[in-house]
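Quick notes on the structure that follows.
A short reminder: the numbers here are calculations on the coordinates, not readings from a lab. Keep in mind it's a predicted model, so treat the numbers as computed, not measured. Every residue, glycine among them, receives a Cβ derived from its backbone with ideal geometry; neighbour counts consider all protein chains shown.
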Amino acid sequence: MAESRVVLHFPKSLLDQPVTSMAIERFNLRFNILRADITADQEGLMVLGLVGEPEKIEGAIAWMREQGVRVQPLEQDVVRDDERCTDCGACIVVCPTAALAMDTDSREVSFNAEECVACGICVPVCPPRAMSITF
Ligand code: SF4
Ligand code: SF4
């Protein structure tokens, strides 16, 4: 079993279609909804954790793309600019999942995209704007 965190962008024409539930059923997956929104330009946005056999997850992603859903790995959309990060630690106290954490020996702050739920809370609190979300 594996978990892949993905960002799904649904065009307006698919907003009322059960694409996600069909993919889950067809490829025998489980899923966690980490975030769901309608963006300003009326596109549907969903951040999902897909759980199952790796090849079935790949199959579901390919099938959703065929239906017209734009699917990207979460780590492509939530990014830390390591050059900008000053290891100040401000993000650690607000991150709800401990995706951002400080090493007790080196005092360096690490970002683990696999724990991230793309909530965006860390973006405005980061003084040098090292964290960004592109969706
Ligand atoms: S977006 Fe930022 S605050 Fe939210 S889970 Fe990811 S790293 Fe943590
Ligand atoms: S708030 Fe920004 S600069 Fe400070 S540790 Fe977090 S990512 Fe680095």
To check my understanding: the extent here is largest minus smallest coordinate of the Cα atoms along each principal axis. What are those three numbers for the stretch 77-133, in Å, largest first?
28, 21, 16
Given labels modelled 7 Å from the Cα in the Cβ direction, how far is it in nm from Val93 to Gln76?
3.6
Dimensions (Å) - the chain, Cα atoms, principal axes, largest first
46, 36, 22
If the chain between Met1 and Glu115 were fully extended at 0.36 nm per residue, the gain over the current Cα-Cα distance would be 39.4 nm
Where a label projected 7 Å from the Cα of Asp16 along Cα→Cβ would reach, residues of the stretch 50-81 with amide N under 17 Å:
none
Per the Cauchy relation, a quarter of the hull surface: what is the mean projected area of the convex hull of the alpha carbons in the stretch 1-71, in nm²?
4.1
If every Lys and Arg gets +1 and every Asp and Glu gets -1 at its Cβ, then about the Cα centre the stretch 1-68 yields a dipole, in debye to the nearest 20, of 80
Free-by-geometry Cys in the chain, Cβ-Cβ under 4.7 Å as pairing rule, reported as Cys85, Cys88, Cys95, Cys116, Cys119, Cys126
Simple spin-label estimate for Arg84/Thr104, 7 Å along Cα→Cβ, in nm, reads 3.1
Relative contact order (%) - the chain, alpha-carbon pairs under 8 angstrom, separation at least six:
25
